[in-house]
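The values are calculated or read from the model by the stated rules, or taken from the named source; none is laboratory data. All values derive from a computational prediction rather than experimental measurement. In this analysis, Cβ positions are derived from the backbone assuming ideal geometry, glycine residues included, and neighbour counts consider all displayed protein chains. With ligands, DNA and RNA removed, areas are computed over all heavy atoms of the protein, side chains included. Shrake-Rupley method; radii C 1.70, N 1.55, O 1.52, S 1.80 Å.
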Amino acid sequence: MSVRTISPVKELKGEVTIPGDKSISHRSIMLGSIALGTTEITHFLEGADCLSTIGCFRKMGVEIERKPSSILVHGKGLRGLRAPNETLNVGNSGTTTRLISGILSGQSFPTVLSGDASLNSRPMKRIMTPLNSMGANITSLNDNGCAPLCIEPGTLHGIHYQSPVASAQVKSAVLLAGLYADAPTSVTEPALSRNHTELMLQGFGAYVATDLHADGTATAHVEPCEELYGQQICVPGDISSAAYFIAAALLVPGSELLVKNVGTNFTRAGFLKVCKAMGADIETINQSFEGGEGRADLLVRFSQLKGTTVEGDIIPTLIDEIPMIAVMAAFAEGTTVIKDAAELKVKETNRIDTVTAGLKAMGADITPTEDGMIIEGTGHLSGASIQSFLDHRIAMAFSIAGLAADGETEIVDSQCVDVSYPEFFDTLDSIAV
Ligand code: S3P
């Protein structure tokens with residue numbers, strides 16, 4: 001067990017460069033592995049989740065080299081993976097599990113996927129249902145709708161899938177299986193979720209299109225594909241990781257922080273909109289665009305925040321940032337209502353419960369609801385011992401809470417930040433004055 005003590009800081013100054021986006025890093029290994037030729041990835045996130053994805057494809061015969069400043073994936077082509085001789089270990093990673101299931105559904109050999117206790121309790125029916133209706137053959141070995149999953153060869157057909165949830169993992173699993181199908185495949189989701197799979201598939205040569213409908217729903221289409229072709233990918237910084245440092249600068253009086261290389265894809269940038277609605281002083285500079293993905297540097301200054309309502313179609317664009325938003329809301333003036341976010345219950349932990357537990361321990365006024373939470377901002381929090389419950393986003397959000405709280409805060413099982421941000425605490429130390 002690792003325990004990290006966080007002491008309040010006077011102010012935060014300087015700059016931080018945000019590590020690579022986790023979602024895009026996963027996808028670059030996956031598409032690189034099933035493309036022809038070599039894919040070179042720079043600013044790849046070397047977090048535990050993305051290393052799980054690398055481990056899975058290595059076991060299926062893909063040579064993946066970790067160079068000092070890039071990753072080289074020597075792709076095998078769409079049908080060139082080979083049967084692994086053991087279970088594929090997906091660790092803590094829901095993205096690995098759900099996306100790779102789409103790819104494995106199209107292979108001519110069986111595979112078994114299994115992860116840690118948290119992963120093996122997360123819902124997998126959401127991908128089994130559409131993939132099996134395409135002709136895949138996926139079973140939950142414990143018959144509980146969770147991993148371990150066994151994926152046996154099947155012949156895939158194109159379908160239209162009406163997804164009940166706005167989930168990029170579900171959408172991506174179906175689109176990736178659609179590459180192997182005998183006819184076009186499409187997925188309609190209730191609100192647009194992150195579109196990194198669609199953008200990257202286009203870059204690798206697949207035919208993918210998205211329709212945004214007037215009622216807020218969105219449909220992604222993919223055509224069956226002969227081959228994908230290796231690409232150069234420069235991964236933008238992860239806005240989900242940037243959120244901790246943006247929040248830190250907003251919450252600690254006197255702070256001014258340059259947060260560099262933040263991915264600004266509009267399907268991910270809801271956190272910035274919420275910050276603005278709460279009264280945040282954030283200046284966008286140095287905007288650029290590569291591989292369909294925007295990025296920018298953000299100059300963030302301490303701001304007196306006010307409560308807001310976070311609901312509806314914005315939720316999928318900030319789902320992983322809700323623990324951080326909840327902490328900000330506790331420091332704000334007025335009420336913050338977060339709703340339409342029942343998906344929080346099926347993340348690495350039930351984040352309605354784990355955010356509530358942490359904020360209550362620090363003295364906040366929070367009421368959990370069926371699909372979110374209500375926080376009465378009191379302007380301050382008290383240091384406390386916080387259980388991360390091995391959830392990286394809980395550990396990081398409450399570390400930031402600790403910087404601005406009265407007294408010391410302890411984060412129990414703090415090493416879980418390695419899942420998405422191994423250098424998180426070093427970066428935090430480097431900007432504290
Ligand atoms: C992810 C999608 C989101 C997000 C997760 C990463 C992805 O999950 O919470 O951390 O890379 O596609 P859902 O698609 O289940 O909402």
request  = Using a Gaussian network model of the chain whose springs link C-alpha atoms within less than 10 Å, name the residue from Ser255, Ser382, Ser288 with the highest mean-square fluctuation.
outcome  = Ser288
message = Just to compare against my own numbers: the Cα pair-distance distribution for segment 22-234, 5 Å bins, whole % per bin, please.
response = 1, 8, 17, 21, 22, 17, 10, 3, 1, 0
note = The set of residues whose placed amide H lies less than 5 Å from the amide H of Glu333, leaving out same-chain residues fewer than 5 positions away, is Leu305, Lys306, Gly307
key: Gap separating the Cα centres of segment 256-288 and segment 354-391, nearest whole Å   = 24
Per residue accessible area of segment 22-234, 1.4 Å probe, in Å² = 35
task = Please compute the net charge surrounding Glu256, taking Lys and Arg as +1 and Asp and Glu as -1 over other residues with Cβ under 12 Å from its Cβ.
result = -2
message = Give me the net charge for the shell around Lys171: Cβ to Cβ below 11 angstrom, other residues only, Lys and Arg +1, Asp and Glu -1.
response = +1
inquiry  = Placing unit charges on C-beta atoms (Lys and Arg positive, Asp and Glu negative, everything else neutral), compute the dipole magnitude of the chain about its Cα centre in debye, rounded to 20.
reply    = 540
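Say the cut-off is 23 Å between C-alpha atoms; which of Lys22/Lys59; Lys10/Lys339; Lys171/Lys347; Lys13/Lys276; Lys22/Lys360; Lys13/Lys67 go over it?
Distance filter (> 23 Å) returns Lys10/Lys339; Lys22/Lys360; Lys13/Lys67.
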note = Most packed first (mean Cβ within 10 Å per residue), the peptides 319-328, 368-377 order as 319-328, 368-377
Where Thr217, Thr336 fall by accessible area, highest first, once all protein chains stay in place (1.4 Å) = Thr217, Thr336
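Which length gain, in nm to one decimal place, applies between Gln202 and Thr155 when the Cα-Cα distance is subtracted from 0.36 nm times their residue separation?
Length difference between fully extended and current span is 14.5 nm.
Counting other Cβ atoms within 10 Å of each Cβ, which chymotrypsin sites (Phe, Trp or Tyr not before Pro) in segment 136-230 have at most 15 and sit in a DSSP loop?
Counting only loop positions with at most 15 other Cβ atoms within 10 Å, the chymotrypsin sites (Phe, Trp or Tyr not before Pro) in segment 136-230 are Tyr207.
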Near-label residues of segment 297-313 by backbone N, under 20 Å of a point 7 Å along Cα→Cβ of Glu256 = 297-305
query = Looking at segment 181-265, which GluC sites (Glu not before Pro) are in a loop (DSSP not H, G, I, E or B) and have at most 16 other Cβ atoms within 10 Å?
reply = Glu226
ask   = Once every DSSP H run of n ≥ 4 in the chain is given -39500 (n - 2.57) and the sum is divided by its residues, what mean residue ellipticity at 222 nm do you get, rounded to the nearest 500 deg cm²/dmol?
value = -8500 deg cm²/dmol
task = Any chance you could run the full-extension gain for Phe289 through Ala209? It's 0.36 nm times the residue separation minus the Cα-Cα distance, nm to one decimal.
result = 26.9 nm
key: For segment 342-433, accessible area per residue (1.4 Å probe, heavy atoms of protein chains only), Å²   = 35
request  = Heavy atoms only, probe 1.4 Å: what % of the accessible area of the chain goes to carbon and sulfur, would you let me know?
outcome  = 50
message = Taking the alpha-carbon distance from Lys273 and a cut-off under 15 Å, which aspartates and glutamates remain once sequence neighbours fewer than 8 residues away in the same chain are dropped?
response = Asp281, Glu283, Glu311, Asp313, Asp320, Glu321
